[in-house]
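The values are calculated or read from the model by the stated rules, or taken from the named source; none is laboratory data. Nothing here was measured: the structure is a model prediction, and the numbers come from that model. Methodologically, a virtual Cβ is constructed for each residue, glycine included, from the backbone with ideal geometry; neighbour enumeration extends over all protein chains shown.
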Amino acid sequence: MDIREAPAIDVHCHYGAYVGRTPSLMDRLCKGDTTSILRQLELANVRCAIVSSLKALLPRGAGAVLPGNEDVERICTDTGKLFQWAVLNPLEHETYKQAEILLKHKKCLGIKIHPEEHVYPIKEYGKAIFSFAAKHNAIVQAHSGEENSEPMDYIIFTNEYPELRLILSHIGCGWDGDMTKQVRAIQASKHGNVYSDTSSAKSITPGLIEWAVKEAGSEKIMFGTDAPCYYAPMQRARIDSAELENDDKQNILYRTSLRLFGGELEKIYNNQHF
């Protein structure tokens, strides 16, 4: 099988516009309305994507979580191949109430947290977040690799709650230059409930994805693009051309995600017609 023909699942995609702390060219270029998201996904042969709101995350320390989640709920309801991450900010109690409601919807597949953009240390707020996630049987996607979001700081909570399932985003991301953080956290997991995704600029480092598969296993790694912050077809090409067996590539591109999420995502993924 030509791996380029295998439809992927993108577990790390965004809706909305990038808004930095100061206006920049990136602010103008990195915009993900429904049309542009679907175009990037088509170019990358992505059949389904799980989307979170950039409005809910940015600008740093001032994201509008509630309306951002409402925007994504609307587009996912209207667009078959798009699913939702409900963004949760533990500094805003109302976001817990909103997430509880959203998680009842079949198109909402879990919770998204971002300690860096919401400006809190996961070590201090992880207990509240992960006890909530465990109570609602919610998969959590977490930004990781920076000072507020050290991957090993999450493992305290995933080891405490064996029923949790955590995706540590951005293989290779490390504020101090250490590209091993996400993989070492997977290895430190006592219950096998920690995963990572490929949505990182560091993923283009020669040999990094291959090393991650060797160390953690391809069944612990999922495909993510971080679009529109990155160009989805570029991220897809990195996996298609990786020096890995096709079986490992299929795990990364869609098998691991199907095993983790199943349900409505699996139904849509297996439906060739949208």
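Listed by first and then second residue, the pairs with beta-carbon distance under 7 Å, at least 6 apart or on different chains, first residue in region 165-184 and at positive phi, second modelled with pLDDT of 95 or more and of a type in the set (S, T, Y), are H170/S144; H170/S199; G172/T205. Checked against (1) in contact with a strand residue (DSSP E or B) (Cβ under 7 Å, 6 or more places away or on another chain); (2) farther than 30 Å from E124 by Cβ; (3) without any contact (Cβ under 8 Å) to a residue 40 or more places away in the chain, L25 passes all but a single condition, namely (1). Beta carbons closer than 9 Å, at least 6 apart along the sequence or on distinct chains, pair a first residue in region 258-274 that is modelled with pLDDT under 95 with a second that is assigned to a helix (DSSP H, G or I) for N270/L258; F274/I268. Each residue in region 240-257 was checked for being touching a residue at least 60 places away in the same chain (Cβ under 8 Å) and in contact with a Phe, Trp or Tyr (Cβ under 8 Å, 6 or more places away or on another chain), and 4 pass.
Beta carbons closer than 9 Å, at least 6 apart along the sequence or on distinct chains, pair a first residue in region 69-84 that is without any contact (Cβ under 8 Å) to a residue 24 or more places away in the chain with a second that is crowded, with 18+ Cβ neighbours inside 10 Å for E70/S53; E70/Q98.
Inside region 249-274, residues that are more than 17 Å from the chain's Cα centre (by Cα) and not in a helix (DSSP H, G or I) make up a count of 5. Residue-level check: of (1) of a type outside the set (D, E); (2) more than 21 Å from R165 (Cβ to Cβ); (3) in contact with a Ser or Thr (Cβ under 6 Å, 6 or more places away or on another chain), Y120 misses just (3). For region 133-146, taking the residues that are closer than 24 Å to E210 by Cα and of a type in the set (S, T, N, Q), the one that is surrounded by the most Cβ atoms within 10 Å (Cβ to Cβ) is identified as S144.
Looking at region 4-114, the strands (runs of 3 or more DSSP E) lying wholly inside it that each contain 1 or more residues that are over 21 Å from A128 (Cα atoms) and touching a helix residue (DSSP H, G or I) at 6+ places or on another chain (Cβ under 6 Å) sit at 8-17, 46-53, 82-87. Inside region 237-248, can you point out the residues that are closer than 17 Å to S196 by Cβ and either within 16 Å of the chain's Cα centre (by Cα) or in a helix (DSSP H, G or I) (or both)? Result: R238, I239, D248.
If you go through region 126-145 and keep only what is closer than 18 Å to A188 by Cβ and either free of Cβ contacts under 8 Å to residues at least 24 places away in the same chain or assigned to a loop (DSSP other than H, G, I, E, B) (or both), you end up with S144, G145.
Residues checked against (1) surrounded by 16 or more Cβ atoms within 10 Å (Cβ to Cβ); (2) of a type in the set (A, V, I, L, M, F, W, C); (3) at pLDDT 95 or above:
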| position | (1), (2), (3) |
| --- | --- |
| Y15 | yes, no, yes |
| M26 | no, yes, no |
| R47 | yes, no, yes |
| A56 | yes, yes, yes |
| N69 | yes, no, yes |
| F83 | yes, yes, yes |
| N89 | yes, no, yes |
| K97 | no, no, yes |
